[in-house]
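Below is one structure, written out as structure tokens, with a few remarks after it.
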Amino acid sequence: MLKVSVKGDPHEIYHFMNDLQSQPQYGVQLEAKRYLLPGFNEKEITAYVNYVPKERKPMTVTLKTLEGKEVQINLLDGVAVELDQGITYISGKVFDIFG
């Protein structure tokens, strides 16, 4: 778990914290917040951030060549979306341990 301290413009801190809390891989627990005098133009927030990895789902894409051979591509965090009839968008991460 990390202890994070952020200091700056209250408006920017608000958007930063909302974005951080919206990320499913982070658990955010607010510890303290305070405005810094004079004029309340600066704010400081202290929070605990815990990295909670999401479940990663593997996907295997199989392509057939004109010669009838099959090529398999293993993807991590794979997504397949059919955009139109016969058109499919495939996205994911490939890790080459020998690269």
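The values are calculated or read from the model by the stated rules, or taken from the named source; none is laboratory data. Here the structure is a predicted model, which means the values were calculated and not measured. Reconstructed Cβ throughout: ideal geometry from the backbone, glycine too, with neighbour counts over all protein chains shown.
Within the stretch 9-34, if we keep just the residues that are of a type in the set (Ser, Thr, Tyr) and surrounded by 12 or more Cβ atoms within 10 Å (Cβ to Cβ), the residue that is farthest from the chain's Cα centre (by Cα) turns out to be 14. Pairs meeting the criteria (first residue in the stretch 53-79 and farther than 12 Å from residue 90 by Cα, second residue of a type in the set (S, T, N, Q) and modelled with pLDDT under 85, beta carbons under 7 Å, at least 6 apart or on different chains) are 53/25; 54/25. Here residue 67 meets the list (1) part of a loop (DSSP other than H, G, I, E, B); (2) at pLDDT below 85; (3) among the charged types (D, E, K, R) almost entirely, failing just condition (2). Inspection of the stretch 20-39 finds a residue satisfying the criterion of being in contact with a Pro (Cβ under 8 Å, 6 or more places away or on another chain) and over 30 Å from residue 92 (Cβ atoms).
For (1) under 29 Å from residue 77 (Cα atoms); (2) assigned by TED's automatic domain parsing to the domain that holds residue 77; (3) touching a strand residue (DSSP E or B) at 6+ places or on another chain (Cβ under 6 Å), each residue gets a yes or a no:
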| residue | (1), (2), (3) |
| --- | --- |
| 17 | yes, no, no |
| 28 | yes, no, yes |
| 38 | no, no, no |
| 41 | no, no, no |
| 62 | yes, yes, yes |
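Checking each residue in the stretch 42-68 for being β-branched (Val, Ile, Thr) and surrounded by 11 or more Cβ atoms within 10 Å (Cβ to Cβ) picks out 45, 46, 49, 61.
Residue-level analysis places residue 6 outside the set of residues that are modelled with pLDDT of 90 or more, assigned to a strand (DSSP E or B) and within 17 Å of the chain's Cα centre (by Cα).
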